[in-house]
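Just so it is clear, none of the values below were taken in a lab; they were calculated from the coordinates. Note that the structure is a prediction, hence the values are computed from the model and not measured. Ideal geometry is used to build each Cβ from the backbone, glycine not excepted, and the neighbour counts take in all protein chains shown.
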Amino acid sequence: MQFRRSFLFSLAAVAAVGALAQAPPPAPFMVHQLKPNVYWVEGGGGNSGVIIGDKGVIVVDAKTTAAGGKELLDNIAKITPKPVTTVILTHSDGDHVNGLASFPAGITIIAHENNKKEQEAALAAGGRGAPPAGHLPTQVVSKNKENLKLDGVKVEVLHWAPAHTSGDLVVYLPAEKIVFTGDIIATQLPDPLIHLEKNGSSEGWITTAKGIDSLNADQFVPGHGDVQDKEAIRTRLAHTEAKRIMIKALFEQGKSLDEIKAAVGDPPPGQGRGGRGGPAFASFTEVVYKELTAKKGA
Ligand SMILES: [Zn+2]
């Protein structure tokens, strides 16, 4: 009995620790200034950018929930009395989009055309995590580059290739030398996260990271994590390129996915990825393996 009770107690303790590990408390909102007119806001989902224009505010990404979106707007109101007029979305994931539910109606929402398609598909599928119906993109980008002038601020929106998703946009402020990368760069993981279900691509990620590196900028606000410098972007790019070459070589030698994972030093199953909140997405190694398998089968 004694054994049984302590065994049950251990199970309960393990379950409690597991639950804690899976649902970390949401990070508090923190506003960081990059330039007199440019800020980034962490907490409540993906990082957001805040750019103060002549008469209004341009926001990059809108947090995960309606409450998060409202908290972002409340934080912006502490910086400036100007209204939010424009939102640019870096991609269609809910932790960057769904906070739009709290944004005023009638604002301009700029996104890549594939982002809009992904949101429309998610809306049609319904369920938890669907984007707010009243706030779909109002202006789509279909070219690889558009030079915009938003409220007196020069903003370049860039898309080199499908990378994190097929609808990624990188937001570049040439005068301020600041880049908002979206989840192309997300520093909570050593490897890029590629959503194959949104037609992302590991090869496209490398093309895109090279594009980001080519910009004349010195501050890179990632989708998650702290501001990066160019050195950090280059290190991440070099690590990813080398890892992809290694995975490809092992695949061509006929190695299994598990053999490849072990050879490239991925954490064993149950460790590393997942268990940190949110769904456990396919790892970079799994993504490249799937891409190579699909290519071989074609
Ligand atoms: Zn994302």
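Below, the figures for the structure above:
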quantity: Residue-averaged [θ]222 nm for the chain, counting only DSSP H segments that reach four residues, each worth -39500 (n - 2.57); calculated: -11500 deg cm²/dmol
quantity: Furthest towards positive pole of dipole, G211, N199, V60, structure part the chain, Cβ charges; calculated: N199
quantity: Antiparallel bridges, percent of DSSP beta bridges restricted to segment 35-106 (to nearest 5); calculated: 70
quantity: Of all DSSP beta bridges in the chain, antiparallel share, percent nearest 5; calculated: 65
quantity: Charge dipole (debye, nearest 20) of the chain; +1 at Cβ of Lys and Arg, -1 at Cβ of Asp and Glu; calculated: 320
quantity: Kirkwood hydrodynamic radius over Cα pairs of the chain, then Stokes diffusion coefficient at 4 °C and 1.567 mPa s, in µm²/s; calculated: 64
quantity: Pairwise FRET efficiency - E259 versus A66, Cβ, R0 = 45 Å, nearest 0.05; calculated: 0.50
quantity: Proximal lysines relative to K149, as straight alpha-carbon distance under 30 Å, when same-chain residues fewer than 8 apart are discounted; calculated: K35, K55, K63, K70, K78, K82, K116, K117, K177, K198, K210, K230
quantity: Estimated distance in nm for a label pair at K295 and A249, the labels positioned 7 Å out from Cα along Cα-to-Cβ; calculated: 1.6
quantity: Extended-chain gain in nm, criterion 0.36 nm per residue less alpha-carbon gap, T138 and K210; calculated: 23.0 nm
quantity: Low-density loop cleavage sites - trypsin sites (Lys or Arg not before Pro) in segment 101-152, where at most 10 other Cβ are within 10 Å (DSSP); calculated: R128, K143
quantity: Percent antiparallel among DSSP beta bridges (both partners in segment 101-249, rounded to 5); calculated: 60
quantity: Relative counts (whole %) of C-alpha pair distances in segment 17-156, using bins that are 5 Å wide; calculated: 2, 10, 20, 23, 19, 14, 7, 3, 1, 0, 0
